[in-house]
Amino acid sequence: MPAPLEGIRVIDFGRFIAAPYAAMLFADMGADVIRVERREGGEDRYVGPVVESGEGGMFLNLNRNKRGITLDPANPSAEEIIRRLVRSADIVIVNMPLEVMKKLKLDYDSLRLVKADIILVMASAFGPDGPYANRVGFDSVAQAMSGAMSLTGFPGAPVRAAVPYVDYGTALHAAFGAIVALYEKQKTGRGQLIDVSLLATGVTFMLPLLAERAVTGISRRQQGNTAYYVAPADTYRTKDGWITVQAIGDKMFHHWARLVGREDLIDDPQCKNDIARACNHALINRIMSEWCAARTRREAIAELERARIPCGPVYELDETLSDPQVKARKLLEEVEHPGSSKIVPLANTAVRLSESASRVRNRAPQLGEHTQEVLIELGFTADEIAAFREAGAI
């Protein structure tokens with residue numbers, strides 16, 4: 001099957017997660033994505049090393065299907081390389097503070113002088129305007145400032161989510177914005193600036209709780225895995241492990257009540273609707289905990305599934321890797337990497353199209369692996385490329 005984005009070129013000046021993941025989504029769909037990396041390698045290349053050559057799992061996953069070049073954008077000799085890269089591209093993705101982008105001439109006004117219809121995706125911590133425009137930040141900062149950390153975990157210290165969901169959510173917003181801009185460009189011929197930020201994503205994802213606070217005045221507090229709006233919705237210990245259960249709406253609750261032998265709760269005013277049940281979660285959780293304690297994890301899940309109540313085992317990482325559904329759906333793709341003596345599992349493309357190819361085709365590039373190749377494509381001669389190396393531009 002043809003890849004849907006073949007013929008689209010993306011220049012990825014990204015670092016860490018938000019920009020590289022957005023660019024990876026384009027690469028998985030067939031776009032020619034060129035990752036631009038510092039001559040010594042970006043910081044994100046070596047975060048959480050999993051292979052002997054030092055690359056981390058995050059880097060290997062987020063930069064598959066891309067070609068990689070090294071470039072020092074601050075080197076005067078790099079200006080012509082950047083110009084030709086931009087002229088060859090449909091989309092440029094950057095996640096740097098705006099003042100740094102302007103200094104390196106990677107801001108929208110500078111790029112439009114090179115190519116009038118360029119689409120620039122600018123991912124930042126706080127956005128390009130407002131009092132925090134020049135501040136830097138990571139996922140955890142947005143989790144904290146969106147209010148999420150104050151409500152995560154059990155009563156006590158604020159807790160950061162283990163998965164940097166704000167980064168990944170911002171990347172999804174970035175990729176969606178770029179696709180919308182490409183579609184709009186087909187109609188108008190104009191490029192545009194796509195502005196996404198970690199704080200905007202964090203606030204967007206927290207909206208239900210923020211709206212509740214603003215409108216009703218309810219002040220939520222940390223309560224572990226217990227849901228605020230429904231019950232049963234928590235984690236429960238079985239004879240040999242933990243499971244998670246979430247029942248939403250009267251129909252599911254009635255199924256649950258019959259399953260655990262408490263049909264009397266169906267007509268109990270304490271359980272008349274989701275909010276009432278959430279307010280009385282201690283009662284419901286006690287009943288559910290007693291029910292689970294008499295069963296193994298497998299037994300509890302089997303009975304809950306027969307009652308059509310959403311549930312699942314709380315896995316250790318090894319169990320996730322060996323789960324039969326993960327294997328059947330090929331959610332992980334095993335890829336060889338030159339710097340590793342073992343096969344590296346990467347997340348397969350999460351978006352699958354029935355009539356178009358989207359997959360992990362190539363491993364992440366080694367540092368500067370495609371520099372020569374890309375510069376030749378851009379029209380530079382061997383002597384010019386050698387001069388760039390001598391000048392420290394590549």
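The values are calculated or read from the model by the stated rules, or taken from the named source; none is laboratory data. These figures come from a predicted structure and were not determined experimentally. Heads up, the Cβs are rebuilt from the backbone with ideal geometry, glycines too, and the neighbour counts pull from every protein chain shown.
The figures follow:
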quantity	calculated
Count of residues meeting criterion [free of Cβ contacts under 8 Å to residues at least 40 places away in the same chain and part of a loop (DSSP other than H, G, I, E, B)] in the stretch 57-90	1
Condition met for GLY54 (in a loop (DSSP other than H, G, I, E, B) and touching a residue at least 40 places away in the same chain (Cβ under 8 Å))	yes
Qualifying residue in the stretch 23-44 (condition: touching a His at 6+ places or on another chain (Cβ under 7 Å), crowded, with 20+ Cβ neighbours inside 10 Å and part of a helix (DSSP H, G or I))	no
VAL141 within 21 Å of TYR168 (Cα to Cα), at pLDDT 95 or above, in the same structural domain as GLY189 (by TED's automatic domain parsing) and part of a helix (DSSP H, G or I)	yes
Extreme residue, modelled with the lowest pLDDT, among residues of the stretch 91-120 that are β-branched (Val, Ile, Thr) and part of a helix (DSSP H, G or I)	VAL100
Looking only at the stretch 121-138, and only at residues there that are assigned to a loop (DSSP other than H, G, I, E, B) and hydrophobic (A, V, I, L, M, F, W, C), the one that is farthest from PHE26 (Cα to Cα)	ALA133
The stretch 150-162, residues that are assigned to a loop (DSSP other than H, G, I, E, B) and closer than 19 Å to ALA200 by Cβ	ARG160, ALA161
Extreme residue, surrounded by the most Cβ atoms within 10 Å (Cβ to Cβ), among residues of the stretch 103-132 that are among the small types (Gly, Ala, Ser) and in contact with a strand residue (DSSP E or B) (Cβ under 8 Å, 6 or more places away or on another chain)	ALA123
Which listed residue is of a type outside the set (Ser, Thr, Tyr), out of contact with any strand residue (DSSP E or B) (no Cβ under 6 Å at 6 or more places or on another chain) and within 29 Å of PHE380 (Cβ to Cβ), from VAL141, VAL100, VAL163, VAL136	VAL100
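Residue-wise test of (1) at pLDDT 95 or above; (2) under 17 Å from LEU151 (Cα atoms); (3) among the β-branched types (Val, Ile, Thr).
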site: ALA211; (1), (2), (3): yes, yes, no
site: ILE218; (1), (2), (3): yes, yes, yes
site: ASP234; (1), (2), (3): yes, yes, no
site: ALA247; (1), (2), (3): yes, no, no
site: LYS251; (1), (2), (3): yes, no, no
site: ALA278; (1), (2), (3): yes, yes, no
site: TRP291; (1), (2), (3): yes, no, no
